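Peer 1: Here it is: the structure, laid out below.
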Amino acid sequence: MNSAIFILTGTFLLAFYLGIRARKGQEMKLEEWAVGGRNFGPIIMFVLMAGEIFTTYVFLGGSGGAYRMGGPIIYIFNAFCYIVPFWILPPIWRYAKKHHVLTQSDFFSKKYDSKPLGLLVAMVGVVSMIPYIVLQLKGLKIIVSETSYGLISPNLAVFIGVVAVTIFVTLSGIHGSASTAILKDILLLVVILFLGIYLPYHYHGGIQPMFETLETAKPGFLLIPDEGYSISWYISTCLTIGLGQYMWPQVFGASLSSKNERMLRQNAAILPLYQIILVFIIFIGFTALLQIPNLQGADTDLALFKIVKATFDPWVVGVIGGAGILTALVPCSMLLLTASTILSKNIYKAVKPDTSDEQIGRLTRIFVPIVALVSLFFTFYGGNSIIALLIMAYSFVLQLFPPLFCSLWKKNPVTKTGAFAGIIAGVIMVAYVTLSSATMGTFFPKAPQFIKDLDIGIAAIVVNVVVMLAFSAITKTSVKVETEAEENVV
Amino acid sequence: MKVLIWILGLIPVAGAFIVVNRIEPYILGLPSIVFWATAWLIFTSVFLSITNILLDKQEGSK
């Protein structure tokens, strides 16, 4: 047994212990379990929210993306994602406070005065969260198999990881996530800064020489190309992520529990600075490309660990792997928590309204292992590379943006039928395209290149908006006719 | 004041979507394309913080 495995196991056990121990001294009612009784201090809130940035998607997908895509990878630290919440969260928060809204699904059903719409929003949320969980588990698989030097079976490791997370989420709820999140963020910050600076200096004598070597070896690789990952791909992907980011149920819900509007805007203003860490991640990917140039396809997600193993002793690999395990498990625990809360509170209760709060509390904990099992299934079954999966899930939640945005206007032009139809049209389009692995080019083979490169989320949102407005126009007139008819009868 | 708030709040959007698609010159060791994107993380933060303060003042004066 080498030192890497020893450190990996140690980190895992420590996280598990912290997760379980967090339960101590808490009375575990649903409110306490799901949202910490809404009294987390600002620092914990910031760590939980900033922790959203540091998932395996960033750790492996960011470095792997730099390795595979080159220059266009700069989309991962586009600041647009924080400009959107700066403007839209305060009005949402104000409305939520006035009407005692607790979840995203509640928000929609209240705004549009439609329980079925709330149910639909809840379902879109859960369906999108599953690929996000799968993504974390796939990352975990890679991390364990690489850093244990192939000695631990990756499937077994994912299985153990999921069981551990399920246990601590069921027992400690969000307190478990919060105490492991702090450990994770500190460890990851140190690891990424160290690797992002050390690797370019070690191999090329600096960051600029590293970039110069890359430019000589692969001229134009650092630029945004005319086709494929082109400018129109870049802009549409940034839009998808920026508009979709706060449509994630777990992110949306977290922002509702803020103390005031000012704190929300403050958070949105500080978070871009936090993203600078992602710049260091792409240095790792680029250095890996120069040192280990032959990774293909999904293997590009291994870039970070391949270079780390080629450079350092097993114990350092172990520490980095430990940080990696936490980046997979912590977001996973928060997603499991939110998904099962939505399943019981917003889906089960919508179907059976006479369920008592106590039953809901029990049910929520039963849903945790169920969601975990479903995600496990997809982890073993699916084969997509990490970034492709996440972009699909982002495209799903993005479909909630148009009806949300319109509902913030003084005179909402959208009716509940319109919102419903639009979301369904958008989601069907994303699902169809993903399952048939089509692109915009498949639909419009003769279209100009800039249309072919558009992100599918943006294409789906256009369909969504058109359907939404059309249905709203129809239902609006029919409502008018109905009221007139009623008046005539009276 | 209101116009100023809108301008300050929207400049970062332009910054986020403009891409400087070139390598030379290197600035602080980064190719222009990477430097521009990184610099806008800092500028966005500054612009939004100022906007936040102005919004606060505006709400206070109401």
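The values are calculated or read from the model by the stated rules, or taken from the named source; none is laboratory data. Note that the structure is predicted; figures quoted are calculated from it, not measured. Note: ideal-geometry Cβ built from the backbone for every residue, glycine included; neighbour counts use all protein chains shown. Quick note on the areas: whole protein, heavy atoms, side chains included, nothing else; ligands and nucleic acids left out. Shrake-Rupley method; radii C 1.70, N 1.55, O 1.52, S 1.80 Å.
Peer 1: State whether one or more residues within segment B:43-58 are open to solvent by less than 50 Å² (accessible area, probe 1.4 Å), part of a loop (DSSP other than H, G, I, E, B) and touching a Phe, Trp or Tyr at 6+ places or on another chain (Cβ under 9 Å).
Peer 2: The answer is no; no qualifying residue exists.
Residue-by-condition table, conditions (1) open to solvent by 10 Å² or more (accessible area, probe 1.4 Å); (2) within 11 Å of chain B (Cβ to nearest Cβ); (3) assigned to a loop (DSSP other than H, G, I, E, B); (4) β-branched (Val, Ile, Thr):
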{"site": "A:LEU214", "(1), (2), (3), (4)": "no, yes, no, no"}
{"site": "A:PHE221", "(1), (2), (3), (4)": "yes, yes, yes, no"}
{"site": "A:GLU227", "(1), (2), (3), (4)": "yes, no, yes, no"}
{"site": "A:THR240", "(1), (2), (3), (4)": "no, no, no, yes"}
{"site": "A:LEU243", "(1), (2), (3), (4)": "yes, no, no, no"}
{"site": "A:TYR246", "(1), (2), (3), (4)": "yes, no, no, no"}
{"site": "A:GLN250", "(1), (2), (3), (4)": "yes, no, no, no"}
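Peer 1: Only one of B:GLY29, B:GLY9 is surrounded by 18 or more Cβ atoms within 10 Å (Cβ to Cβ) and either closer than 25 Å to A:ILE235 by Cα or within 7 Å of chain A (Cβ to nearest Cβ) (or both). Can you tell me which? Give the steps one after another, and end with the answer.
Peer 2: Values: B:GLY29 fails: surrounded by 18 or more Cβ atoms within 10 Å (Cβ to Cβ).
Of B:GLY29, B:GLY9, the one residue that is surrounded by 18 or more Cβ atoms within 10 Å (Cβ to Cβ) and either closer than 25 Å to A:ILE235 by Cα or within 7 Å of chain A (Cβ to nearest Cβ) (or both) is B:GLY9.
Peer 1: Then there is this: Let me spell it out: the conditions are (1) under 25 Å from A:SER236 (Cβ atoms); (2) open to solvent by 40 Å² or more (accessible area, probe 1.4 Å); (3) part of a helix (DSSP H, G or I), and B:THR38 meets all of them except one. Which number is the exception?
Peer 2: All conditions pass for B:THR38, except number (2).
Peer 1: If you scan segment A:196-230, which residues turn out to be of a type in the set (Asp, Glu), out of contact with any Asp or Glu (no Cβ under 8 Å at 6 or more places or on another chain) and in contact (Cβ under 8 Å) with a residue 24 or more places away in the chain? Break it down stepwise before answering.
Peer 2: Just the residues of segment A:196-230 that are of a type in the set (Asp, Glu), to begin with: A:212, A:215, A:226-227.
With the extra rule that they be out of contact with any Asp or Glu (no Cβ under 8 Å at 6 or more places or on another chain), the set shrinks to A:212, A:215, A:226.
Listed by number, the list holds a single entry, A:ASP226.
Peer 1: So for segment A:323-332 (the condition being assigned to a helix (DSSP H, G or I) and farther than 20 Å from A:PRO131 by Cα), does at least one residue qualify? Spell out the reasoning first.
Peer 2: Step one: of segment A:323-332, the residues assigned to a helix (DSSP H, G or I) are A:323-332.
Keeping just the survivors that are farther than 20 Å from A:PRO131 by Cα gives A:323.
For segment A:323-332, residues assigned to a helix (DSSP H, G or I) and farther than 20 Å from A:PRO131 by Cα: present.
Peer 1: While we're on this one: Which one of the conditions (1) within 13 Å of another protein chain (Cβ to nearest Cβ); (2) at pLDDT 85 or above does A:MET263 fail to meet, given that it meets all the rest?
Peer 2: Among (1) within 13 Å of another protein chain (Cβ to nearest Cβ); (2) at pLDDT 85 or above, A:MET263 violates only (2).
Peer 1: Could you grab me the full set of residues in segment A:312-324 that are open to solvent by 10 Å² or more (accessible area, probe 1.4 Å) and either β-branched (Val, Ile, Thr) or not assigned by TED's automatic domain parsing to the domain that holds A:LEU187 (or both)?
Peer 2: Taking segment A:312-324 and keeping what is open to solvent by 10 Å² or more (accessible area, probe 1.4 Å), we get A:312-316, A:319.
Matches in segment A:312-324: A:VAL316, A:VAL319.
Peer 1: Determine, yes or no, whether A:ILE231 is within 22 Å of B:LEU41 (Cα to Cα), in contact with a Phe, Trp or Tyr (Cβ under 8 Å, 6 or more places away or on another chain) and modelled with pLDDT under 85.
Peer 2: On the way: within 22 Å of B:LEU41 (Cα to Cα): yes; in contact with a Phe, Trp or Tyr (Cβ under 8 Å, 6 or more places away or on another chain): yes; modelled with pLDDT under 85: yes.
Yes, satisfied.
Peer 1: If I filter segment B:12-26 down to residues being among the hydrophobic types (A, V, I, L, M, F, W, C) and out of contact with any Leu (no Cβ under 9 Å at 6 or more places or on another chain), which single residue comes out as surrounded by the most Cβ atoms within 10 Å (Cβ to Cβ)?
Peer 2: Our first condition is that a residue be among the hydrophobic types (A, V, I, L, M, F, W, C); within segment B:12-26, this holds for B:13-14, B:16-20, B:23.
Okay, now just the ones that are also out of contact with any Leu (no Cβ under 9 Å at 6 or more places or on another chain), so B:13-14, B:16, B:18-20.
On the way: B:VAL13: 17, B:ALA14: 9, B:ALA16: 24, B:ILE18: 12, B:VAL19: 21, B:VAL20: 14.
So the residue we want is B:ALA16.
Peer 1: How many of the residues making up segment A:71-101 are crowded, with 19+ Cβ neighbours inside 10 Å and outside any helix (DSSP H, G or I)?
Peer 2: So the answer is 3.
Peer 1: Okay, next question. With open to solvent by 20 Å² or more (accessible area, probe 1.4 Å) and at pLDDT below 85 as the only criterion, which of A:SER148, A:SER109, A:SER153 stands out? Give the steps one after another, and end with the answer.
Peer 2: Values: A:SER148 fails: open to solvent by 20 Å² or more (accessible area, probe 1.4 Å); A:SER109 fails: at pLDDT below 85.
The conditions single out A:SER153.
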